There are 2 protein chains.
Amino acid sequence: MQMRDLEYRCDEALLRGHLVWDDAVSARRPGVAVFHEGLGLGDFAIERARMVAELGYVVLAADMFGERKQARNLQEVASLVGALRAEPEKLRARGRSALTALSGLPQVDAGRLAAIGFCFGGSVALELAREGADLKAAVSFHGVLATKLPAVPGRVKASVLVCTGADDPLAPPDQLTAFEDEMRAANVRDWQVISYGNTLHGFTNPAADGSMMRTALYHEQSDRRSWAAMKGLFDEVLA
Amino acid sequence: MQMRDLEYRCDEALLRGHLVWDDAVSARRPGVAVFHEGLGLGDFAIERARMVAELGYVVLAADMFGERKQARNLQEVASLVGALRAEPEKLRARGRSALTALSGLPQVDAGRLAAIGFCFGGSVALELAREGADLKAAVSFHGVLATKLPAVPGRVKASVLVCTGADDPLAPPDQLTAFEDEMRAANVRDWQVISYGNTLHGFTNPAADGSMMRTALYHEQSDRRSWAAMKGLFDEVLA
C-alpha cells in the first residue's frame, strides 16, 4: 500500500490531501474521495482512506479547509465548517476540486468515482451528489442532511446512501423526513437511508468518546454495519 | 436440502407449515421462522424459506391462517389478515406456536432463533419481537409497522431490522417515525430501519407486478439489498 500527500488547488486555496493506493495493481481502478469530519483532515479520515484503499480503490483523503488546517476545539470546528456552510457553492467547488485531482491520476478510472464522508464530510459528499457531480456513489456517515441547495430533478447521478444515527441531534427525525422528501421530489434514481437505533453522532470514529462533544460517541456495531453497507454499494456500482 | 410439511397447533387451529433444512449437517443449527404475506403460505414464502435454509439454518415457513389457507384476491387477504390484526394476542399466539414447533425439532438449537416476514408476515415478526419472544433477530420486509400493542421497556430481546420501501403506502413516513419513536421509548437494545428509495410495497416478491395491487411492485435492487442486510444481521446474532 502506497501513501503520499497530494496537493491540489481550488481558486486561491491550497489543499493538501492524502493519497492511498495499492501499487501492486496496475490497471486503472475506481477512485474514492474521502471527506473529513469537522475537525479537518487528520488521522481518522486517513485511516478510513486506507481502509477503502484496501478494498481495491485509489483513495484521496481530501482537504476541505486548506493547508490541512485542523480544529483543536469545537469553536474552531464551528468557524471552519461555518465558513464553508455559509457559502455552499464554495463548499461544492472545494469538494469538486478533490474529485478533479483524483480523476486526473494515472491509476484512476475517471468514469468510476465515489465520494464518502463523515459528519461534515458526509454533507460534502451529499452536496456533490446534489450538484450532479459525476459520481457512481455518495455515502454519508452521520452527516448533516439539510442543505441550502436542494437536489433538483434530473441532476443527481450518484447512488446515494445515508447512514445515520437515530439519536444523532445533528440529523434529527424531521431532518431525515425532509431529506427523504428532497430525494423523492428530485426523482433521485437510487437512494437509501439507514437509521441505526441507539446511535449518536460520530458513530464511526473510535476517538469519539463524548469528551469533546457529549453527543458524539463511537458505536462499534453501527460502524461495522454502515461500513458493510458502503462496501455493498461499492460492489454494486463501482465494479 | 430436505423439505416436508410440518403440522402444528395453536388452540383450535391446525397450522400446516413447511420445513426446509440441509440434512448433510448433523449439528444443531439456528432456526428461522418465515412468515408469509397476506396471501397465505404459498410459493413465495416457501422459496424464501429455501433460500434461508441455504444459509445454513433450519427453516419453518409458518402457516398463520390455518390449514394453509390461501387468499385468491385482495378481499380474501383483507378478511384473513383483518381477522388476526383485530386480535393481536391471537396473532402473536399463532406466531409463537410456529416458534415452539421450530424450537422443538431435534436439528434446531432452540437458543438461536430468528423470525422474518414479508408484508403481513413482517408485522408478525415484529409482533413477536414486541411481546418478547426468545428471538435473536426479527426482520420485517415491507411489513406494516403500526401496532395495537407497542413495545414496552425491557421486553424486546430480538435485534430488530426493518426493511421498508420509501414509497410503500402501507408504511408511510409518519408510520416510520412512530415506529422509531416506539423503539426509542421501549429502549430496544438493537434496532435499525432501512428505507429504500423508489420502492413500493412487496418489493421482495418477483410476482408483485402491480396487477393485484397497484402499489405492490418487485424491486430487484431493494430485494437484493434487504436480503444482504438480513444475512449480515444473521451473521452477527445467529453465529
Under a 5 Å amide H to amide H cut-off, with H placed in plane at 1.01 Å, what residues pair with residue A:112 once short-range neighbours are removed? A:31
Viscosity 1.002 mPa s, 20 °C: Kirkwood-radius Stokes-Einstein D of chain B over Cα pairs, µm²/s: 123
What residues does the stretch B:223-239 have that are buried by at least 30 Å² of accessible area in the full protein assembly compared to the chain on its own, 1.4 angstrom probe? B:225, B:236
Once amide H atoms are placed 1.01 Å from N in the peptide plane, what residues at a sequence separation of 5 or more from residue A:165, or on another chain, have their amide H within under 5 Å of its amide H? A:142, A:196
Grab the DSSP H runs of chain B that are 4 residues or longer, score each as -39,500 (n - 2.57), total them, divide by all residues and round the 222 nm result to the nearest 500 deg cm²/dmol. -11000 deg cm²/dmol
Across A:187-193, the residue-averaged tally of Cβ atoms belonging to other chains within 10 Å stands at 5
Using Cα-Cα distances under 8 Å and only pairs 6 or more residues apart, what relative contact order does the stretch B:23-90 have, in percent? 34
With label points built 7 Å along Cα→Cβ from the Cα atoms of residue A:185 and residue A:2, find their separation and express it in nm. 4.6
Of the accessible area of chain B, with the probe set at 1.4 angstrom, what percent is carbon plus sulfur? 52
With an 8 Å Cα cut-off and a minimum separation of 6 or more residues, compute the relative contact order for the stretch A:31-148 in percent. 30
Per-residue HN-Hα couplings for the stretch A:20-36 [Karplus 6.51, -1.76, 1.60; θ = phi - 60°; Hz; x = Gly/Pro]: 9, 7, 9, 7, 6, 9, 9, 5, 5, 10, x, x, 10, 8, 10, 9, 6
Once phi for every residue in the stretch B:5-14 is put through the Karplus expression 6.51 cos²θ - 1.76 cosθ + 1.60 (θ = phi - 60°), the whole-Hz ³J(HN,Hα) values, with Gly and Pro written as x, are 5, 9, 8, 8, 10, 9, 6, 7, 8, 9
Cα pair distances of the stretch A:34-124 binned at 5 Å [whole percent]: 3, 15, 25, 26, 17, 9, 4, 1
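When you look at the Cβ of every residue in B:194-201, what mean number of other chain Cβ atoms sits within 10 Å?
Per residue, the number of nearby Cβ atoms from other chains is 5 on average.
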Percent of beta bridges antiparallel (DSSP, the stretch B:142-239, rounded to nearest 5): 10
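Listed highest first by mean packing, meaning other Cβ atoms within 10 Å per residue, what order do A:152-165, A:182-195, B:85-98 come in?
A:152-165, A:182-195, B:85-98
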Projected-area average for the stretch A:155-239 over all orientations - Cα convex hull basis, square nanometres: 6.1
DSSP beta bridges in the protein assembly as shown, what fraction antiparallel, as a percent rounded to 5? 35
Accessible area in square angstrom per residue, chain B, 1.4 angstrom probe: 39
Express in whole angstrom the spacing between the alpha-carbon centres of the stretch A:148-226 and the stretch B:51-105. 35
³J(HN,Hα) computed for each position of the stretch A:177-186 - Karplus, 6.51 cos²θ - 1.76 cosθ + 1.60, integer Hz, glycine/proline x: 4, 5, 5, 4, 4, 4, 4, 5, 5, 8
In whole percent, what relative contact order does chain B give with Cα contacts below 8 Å and a gap of six or more residues? 15
For the rotation taking chain A to chain B, the chain A residue with the nearest C-beta to the axis, plus the distance in whole Å, reads A:194, 2
For the A and B pair, go ahead and give the buried accessible area with a 1.4 Å probe, both sides summed, in Å² to 100. 1800
So which of B:90/B:136; A:136/B:157; B:69/B:148; A:231/B:136; A:90/A:136; A:157/B:157 end up more than 29 Å apart, counting from Cα to Cα? A:136/B:157; A:157/B:157
Inverse of mean 1/r across different Cα pairs in the protein assembly as shown, Kirkwood, Å: 23.3
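The values are calculated or read from the model by the stated rules, or taken from the named source; none is laboratory data. If you're wondering where the values come from, they're calculated on a predicted model, not measured in any experiment. Neighbour counts run over all protein chains shown; Cβ positions are idealised from the backbone, glycine included. For accessibility, only protein heavy atoms count, side chains too; no ligands or nucleic acids. Shrake-Rupley method; radii C 1.70, N 1.55, O 1.52, S 1.80 Å.
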